[in-house]
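Student: Sharing a structure with you now.
The values are calculated or read from the model by the stated rules, or taken from the named source; none is laboratory data. The structure presented is a predicted model; accordingly, all values stated were derived computationally and were not measured. Neighbour counts run over all protein chains shown; Cβ positions are idealised from the backbone, glycine included.
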Amino acid sequence: MAVDGPSGSGKSTVSRRLAAALGARYLDTGAMYRAVTLAVLQAGVDPSDADAVAKVAMDARIVIGTDPEKPTTRLDAVAVDREIRGPEVTGAVSAVAAVPGVRRVLVAQQREIIATAARIVVEGRDIGTVVAPEARPKVYLTASADARAHRRSTEADADLDATAVDLARRDRLDSTRTTDPLAKAADAVELDTTGLGIDEVVTRLRALVGAVCD
């Protein structure tokens, strides 16, 4: 199952809970881009230097745990689950994710992970359009800009206005990048999560899975 959408739309929480409810694996592709971004920053590489960033991506050893109850991210054998959620990584990840060489490396890894799972819920920004266009079903989650900013600022204990500005910046970068931009697949079901609780969203998606796959 492919779950796409912008930051703050509820992808991660909903996808994890849905995968657990379905007895499926869970893949957070965003964590992979964040891990590469962390590696770029640790190496002192300028995120705007596409060639250098792509080389970091090729050299980085990223291992993603797909247990929805406890997803993990390791970079060069070191657990980095907390580090990849820090403000420096968040500020640079869209630029790193826009590098074609990075996307080639990570999309190949993502497809390998998907191929080894009997059932898997995969969340990101280009799952239904690029990574797994054959996925069934495909969902595109969205929410109002205000709702998304409120969720993100609450999660990070950050200033609401600053979070809203950063989300707008990331939306612009993610949707206008040349390679694999954020986009809704033509056959995806769109669900606006504004005003919906997590349990309600999961319930709706479970019903969708049942309708498509049973």
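Student: May I ask you to list the residues in the stretch 27-70 that are of a type outside the set (D, E, K, R), touching a Pro at 6+ places or on another chain (Cβ under 9 Å) and under 15 Å from Arg82 (Cβ atoms)?
Tutor: Ala31, Thr37, Leu41, Gly65
Student: State the number of residues belonging to the stretch 106-128 that are crowded, with 21+ Cβ neighbours inside 10 Å and part of a helix (DSSP H, G or I).
Tutor: 4
Student: Also, quick follow-up: Hey, can you tell me all the residues within the stretch 1-58 that are touching a Ser or Thr at 6+ places or on another chain (Cβ under 7 Å), more than 19 Å from Glu190 (Cα to Cα) and of a type in the set (Gly, Ala, Ser)?
Tutor: Of everything in the stretch 1-58, those that are touching a Ser or Thr at 6+ places or on another chain (Cβ under 7 Å), more than 19 Å from Glu190 (Cα to Cα) and of a type in the set (Gly, Ala, Ser) turn out to be Ala31, Ala35.
Student: Tell me which residues, restricted to the stretch 28-60, are outside any helix (DSSP H, G or I), over 18 Å from Arg111 (Cβ atoms) and either in contact (Cβ under 8 Å) with a residue 60 or more places away in the chain or aliphatic (A, V, I, L, M) (or both).
Tutor: Ala43, Val45
Student: Please verify whether Thr194 is of a type in the set (Val, Ile, Thr), part of a loop (DSSP other than H, G, I, E, B), within 20 Å of His150 (Cβ to Cβ) and out of contact with any Phe, Trp or Tyr (no Cβ under 7 Å at 6 or more places or on another chain), treating the condition exactly as stated.
Tutor: yes
Student: Does Ala132 count as of a type in the set (Gly, Ala, Ser), surrounded by 21 or more Cβ atoms within 10 Å (Cβ to Cβ) and either farther than 19 Å from Met32 by Cα or under 18 Å from the mean Cα position of the chain (by Cα) (or both)?
Tutor: In short, yes.
Student: If you go through the stretch 1-27 one residue at a time, how many are modelled with pLDDT under 95, in a helix (DSSP H, G or I) and in contact with a helix residue (DSSP H, G or I) (Cβ under 6 Å, 6 or more places away or on another chain)?
Tutor: Of the residues in the stretch 1-27, 1 are modelled with pLDDT under 95, in a helix (DSSP H, G or I) and in contact with a helix residue (DSSP H, G or I) (Cβ under 6 Å, 6 or more places away or on another chain).
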